[in-house]
Every structure is written in C-alpha cells, then in structure tokens.
Amino acid sequence: MVHIKIKRDIRKDAWNWWEACNKISYGTDWKKRVPQKIWKKIYGKTFSEACVFLLPYLRQHYKKHDKELRMIHKETSSLFTQYGQTAFALMEDVTGHPLY
C-alpha cells in the first residue's frame with residue numbers, strides 16, 4: 001500500500017520558487033505569474049543568494065496565511081486518505097508500472 005505524507009518544507013518551497021523563476025517549464029515562464037518585486041530578487045541568482053530573500057519572505061507568508069495553510073493541509077491529507085489508493089491504481093494502469 002502506497003502512502004502520501006503531506007508536509008510543509010520551507011527549503012523545498014524556496015527551491016520551487018527559485019526554480020520556477022529561473023526556468024521555463026512545460027512552455028510556461030513561471031516568473032510572469034509572480035509579482036515583479038518578488039521575482040527580481042530571485043531571477044538570475046544562485047539558490048543560496050535567492051534564499052537570503054526567500055526564506056524570510058516565505059516565513060512571513062506562512063505566518064500570515066497559517067490558518068488557511070492548515071486547512072488546506074487537513075483537506076489534502078483527508079483526500080489522499082480517502083481517494084489515494086484509487087488514484088495510485090489508476091496511475092499504475094496508465095503508466096504500466098508499479099508505484100514504489
């Protein structure tokens with residue numbers, strides 16, 4: 001049985017923001033979806049340089065939206081508990097490979 005654990009990881013979130021603002025993926029320039037005052041502090045920087053801005057920014061964002069983020073976490077965890085096994089079985093059928 002496959003399990004998904006939903007957790008908040010500020011360093012992985014920072015990496016996601018940095019990666020999104022520095023690469024075009026799936027034909028989308030993600031920095032165009034981020035306010036300019038934010039992506040200008042991330043774009044063209046190394047991950048370490050971007051973290052000087054991103055980590056404090058994300059800590060403040062998490063603090064400001066704590067109630068909403070906790071609700072999303074609870075709902076997402078509940079959905080994976082309820083429908084996860086069905087989703088995993090469908091993914092195995094589509095890919096023809098087992099999930100590990």
Item checked: Over 28 Å (Cα to Cα) - which of LYS12/LYS74; LYS41/LYS64; LYS5/LYS45; LYS12/LYS64; LYS5/LYS37 fall in this group -> LYS5/LYS45; LYS5/LYS37
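Under the 0.36 nm per residue contour assumption, what length would be gained going from the current alpha-carbon distance of VAL2 and VAL34 to full extension?
Values: separation 32, 0.36 × 32 = 11.52 nm, distance 3.40 nm.
Extra length available between VAL2 and VAL34 comes to 8.1 nm.
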Next item on the list: Please work out how much length the chain gains when fully extended from ASP9 to ASP66, using 0.36 nm per residue of separation minus the C-alpha to C-alpha distance, in nm with one decimal.
Entry: 19.1 nm
Note to self: With the crude spin-label approximation of a point 7 Å out along Cα→Cβ, what separation in nm comes out for VAL52 versus LEU79?
What the structure shows: 3.8
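Could you work out the relative contact order of the chain? I mean the mean sequence separation of Cα pairs under 8 Å and 6+ apart, divided by the number of residues, in percent.
Values: 54 pairs, mean separation 34.0, N = 100.
With pairs under 8 Å counted, the relative contact order is 34 percent.
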Next item on the list: Rounding to the nearest 20 debye, state how big the charge dipole of segment 11-100 is about its Cα centre with +1 on each Lys and Arg Cβ and -1 on each Asp and Glu Cβ.
Entry: 740
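With only alpha-carbon pairs counted, each pair once and no self-pairs, how large is the Kirkwood hydrodynamic radius of segment 10-64 in angstroms?
Details: mean 1/r = 0.0892 Å⁻¹.
By the Kirkwood definition, the hydrodynamic radius is 11.2 Å.
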Checklist line | Rg over Rh [alpha-carbon atoms, Kirkwood Rh] for the chain | finding: 1.06
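Taken together, the values in this text are just the output of simple stated rules run on the coordinates, not laboratory data. These numbers come from a predicted model, not from an experiment. We place every Cβ from the backbone using ideal geometry, glycine too, and count neighbours over all the protein chains shown.
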